[in-house]
1. Hey, got the dipole for region 525-566? About the Cα centre, +1 on K and R Cβ, -1 on D and E Cβ, debye to the nearest 20?
2. How large is ³J(HN,Hα) for each residue in region 402-414, as worked out from phi by the Karplus curve 6.51 cos²θ - 1.76 cosθ + 1.60 (θ = phi - 60°), to whole Hz, x for Gly and Pro?
3. Could you give the dipole magnitude of region 455-532 about its Cα centre, charging the beta-carbon of Lys and Arg +1 and that of Asp and Glu -1, in debye to the nearest 20?
4. Order the following by accessible area, largest value first: Glu483, Glu564. Probe radius 1.4 Å; ligands, DNA and RNA are ignored.
5. State the extension gain, in nm to one decimal, for the chain segment bounded by Phe749 and Ala565, taking 0.36 nm per residue of separation less the distance between their alpha-carbons.
6. Considering only protein heavy atoms, what is the solvent-accessible area of Arg790 at a probe of 1.4 Å, reported in Å² to the nearest 10?
7. What's the extension gain from Arg96 to His401 if we count 0.36 nm per residue and subtract their Cα-Cα distance?
8. Ordering Thr656, Thr260, Thr423, Thr379 from largest to smallest accessible area (1.4 angstrom probe), what's the sequence?
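The values are calculated or read from the model by the stated rules, or taken from the named source; none is laboratory data. From a predicted model like this one, the values you see are computed outputs, not experimental measurements. Counting neighbours? That spans all protein chains shown, and the Cβs are built from the backbone with ideal geometry, glycine included. Protein only, heavy atoms only, side chains kept; ligands, DNA and RNA dropped before computing areas. Shrake-Rupley method; radii C 1.70, N 1.55, O 1.52, S 1.80 Å.
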Amino acid sequence: MSEAPPKKPLVLSRSLGARRLDVGEVRQSFSHGRSKTVSVEVKRKRLLPGASPISEVSPLQTDMARPLGLTDQEWEMRLRVVKNAFQDADKLEERRNKEAGAYAVLEEARQEEQSASEPSASEEVSETPAEAAPPPSPHPDKGREILKSRGLSEEAKGRLRARKPPTSAKRPRLGEDQRRAKISVNTALNEREERLRSQASLWRARRKNRQQQEQEGDMTRQIRDVVIPEVISVQELANRMAVRGAEVIKTLMRLGMTATINQTLDADTAELVVGEFGHNIRRVSEFDIEQGLKGESDLPEDLQTRPPVVTIMGHVDHGKTSLLDALRRTDAALHEAGGITQHIGAYQIQLKDGRRITFIDTPGHAAFTEMRARGANITDIVVLVVAADDGIKNQTIEAIHHAKAAEVPIIVAINKVDKPDATPERVRQELLSHEVVVEAFGGDVLDVEVSAKTGQNLEKLAETILIQSEILDLKANPQRPAEGIVIEAEVRQGLGPIATVLVQRGSLRKGDIFVAGAVSGRVRALLDDHGEKLTIASPGMPVEVTGFGAAPAPGDEFIVVADEARAKSVAQFRERKQKELSSALKARGSVEQMFEKISSDEKLQTLFVVVKADVQGSVEAISNSLAKLSTDEVCVQILHAGVGGITESDIALARTSKALVVGFNVRANLQARDGAQREGIELCYYSIIYDLIDAIKARLSGLLAPERREKILGTAEIRQIFESKKIGKIAGCMVTDGLMRLGARVRLFREGTLVQESTLKTLRRVRDEVSEVSKGFECGLTLTDGQDIREGDSIECFEVEKIVRQLA
């Protein structure tokens, strides 16, 4: 079998009339170093008469293949560019050769001058380096002559003087590799591209470089003192060591632990991690976080006189707020719902001589016991207001007990002395029974007869308060961070959580960082009792403070701290302790108590309530009052109690248990009202606290099981038994007392012993069915389960009455 002839390249046949052809090769380059060579035949263009051939334009034409798609003008232009490039390269090479020769001549001149200036071996060398002569410079005239003979320009001469001479005397000519580095048409068309580095290779190189930098950084890492509490999160531990969280997680994995960035670690594990990083370890207890929070005690020379803090206490409707309004010349009592005070308020008045007194007004209703106790604990003096026409009442006695427990002096203000039936002497006599002896009876308690309506003796009351404050010698240091106590808190629209704070010592300024209970924040604004903005609050001044993260609890300590981190750590610690305490209280009790609670819960009727109020003190008073309404049969369970208006989240919480949503001096927004109507949740609004308590008490009364009472209707004696195939045994009876009623409950007695309890099924008089048979008449009757009846048995007829019960 003969071999197949080789394939011939595809050419343009002359039979088709083609002109002379030039055969060339074009190399195509692809990615990853791949290339492909393609043979190309180019058809020449016929030259017109008088035109010069392309070969005369450039001698490089014989070495280059003309690419496809180029016109003659483009091809000629490209050849000219290549020719000019080579000419420029030759000129550059010639200039460099001249410069290299000049460098060589200069170097020779320097060497000759240096050899001529070297000292002989017999000459003495100076002992000190300062006496050594500097090396001589080359001869300037000889260098100029050499440069002038070279024919260089002044610019080239200056460049030669500035630069260092080359190491070799003669600069080599440009090699083939250097020529190829220059971009030309020939290189662009025929030279193969170098293989580029892949993206993965570049990524590996960067990662290796980064790892080397991290290792170098580890060697130079700063050693820190890391404070380790009892519990700390991975992220917080990384922040304290100034490392990334991922590095801490890797260290934990090497120690055999798997943790996330938000997971908490115990102190022992955190100590191991810190030791791996080489830092110094300092273990602290959680309770150490509050140490030094209040600062040191004040020096006597730093103390200055401050205004007294006076709390006005007494029974409801005895004129406490009216008396305070008369002193302040305001009408706050008119703005209280029902004419009674339901909020604790703080005010400051200035007398004619410039001295100031801070007043705290407390509610007198029985539900506000906690408010009155809080007011007595933060005050310097208690003004006990007693109505001259009413005398000592329950809340008056309670106020006396609070004042004695707080160990503060009492000033008795006998109010309403302008009334015709006022008897101040009776008030003084009643105070004796509670161990309050006024000065008129030889005691040490000051008393003043006043009238808030007419303004009688108001100045005398203020003067008495100032005399008592001078006896107490009230002083504080204003040149220190502020400390105080939260009197009241609320959520106000446009301002957010806001609290009334009484500054006890130090000065509070705008921008101070503080912690109040389990809440931290920064003071954004200070407002006085008239709503005016302040820049600083001195000791003894009540101010409204904005900038809380949430509404604090009344009675919480308000302390200014140095930085925000300390405030947040203290607030988080207190919040965590509160949660742990509430969980422990819920879980307290033995197994027997748990089973008893389960059995009692099956019979217990529960009213679920969501409480929202305008201020924190009202929330506290309502919650305590509702908790006292619970009994063994019914109870009130408060699902949520908070400050602010009723929102959609409150409706969603009430929906699960069909709870009652109560708003005290607040209203629901539009979305909450629509949600309540859609889910069938009842919204109740109140502005007076005893109306709210009465309404909840009525609902609890409706949950009570009615009381069952038996009413004996009459008795009958069975004298004869009749048998009936359809009905069974029929008892012939004589009604001996009261009456027999159809459908009533009956008891069958035999010889004084209860046999059974049944229902009167049928009742007949002679042959007629009747509903009742009275005393002295005979009747026939049957019972629902009355087959076991005998002559001589007695039947007692009774009915059960259900009586609606009320909570006491």
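1. On the way: 2 positive and 8 negative charges, 15 e Å.
Dipole about the Cα centre, nearest 20: 80 debye.
2. Once θ is set to phi - 60°, the couplings for region 402-414 become 5, 5, 5, 5, 7, 6, 10, x, 10, 10, 8, 10, 7 Hz.
3. 460 debye
4. Per-residue accessible area, sorted high to low, gives Glu564, Glu483.
5. Values: separation 184, 0.36 × 184 = 66.24 nm, distance 8.36 nm.
Roughly 57.9 nm would be gained on extension.
6. 140 Å²
7. On the way: separation 305, 0.36 × 305 = 109.80 nm, distance 10.97 nm.
Between Arg96 and His401, full extension yields an extra 98.8 nm.
8. Listed by decreasing accessible area, they come as Thr656, Thr260, Thr423, Thr379.
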